[in-house]
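The values are calculated or read from the model by the stated rules, or taken from the named source; none is laboratory data. Computed from a prediction, not measured in an experiment: that's the story for all the values here. As a convention, Cβ positions derive from the backbone with ideal geometry for all residues, glycine included, and neighbour counts pool all protein chains shown. With ligands, DNA and RNA removed, areas are computed over all heavy atoms of the protein, side chains included. Shrake-Rupley method; radii C 1.70, N 1.55, O 1.52, S 1.80 Å.
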Amino acid sequence: MLFLRKYTFVFKKKVVSDYLNNEGGYKYLAHKYQINRTLVRHWVRIYNYHGWEGLVGGAKATLQNLNLML
């Protein structure tokens, strides 16, 4: 069975901030925080397109926004 981890905004912000402050690349930060490097890259891309707000929530937040739009 596959279990999906949920990461807090604070954790995502720390990882992305470390990357933006040149404290390491995707591979180094993934190892440091024990997460997949594609996840680090994904969070950095989200930040680049949407800012910090993009890292808040997840599927639940998106569903809530969709319900508000309807």
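At a glance:
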item	result
Number of the condition not met by ARG45 [criteria: (1) loosely packed, with under 11 Cβ neighbours inside 10 Å; (2) at pLDDT 95 or above; (3) assigned to a helix (DSSP H, G or I)]	(1)
Members of the range 1-41 found to be within 20 Å of TRP52 (Cα to Cα), touching a Lys or Arg at 6+ places or on another chain (Cβ under 7 Å) and either in contact (Cβ under 8 Å) with a residue 12 or more places away in the chain or open to solvent by 70 Å² or more (accessible area, probe 1.4 Å) (or both), listed by number	TYR26, ARG37
Count - residues of the range 4-42 that are of a type outside the set (A, V, I, L, M, F, W, C) and outside any helix (DSSP H, G or I)	11
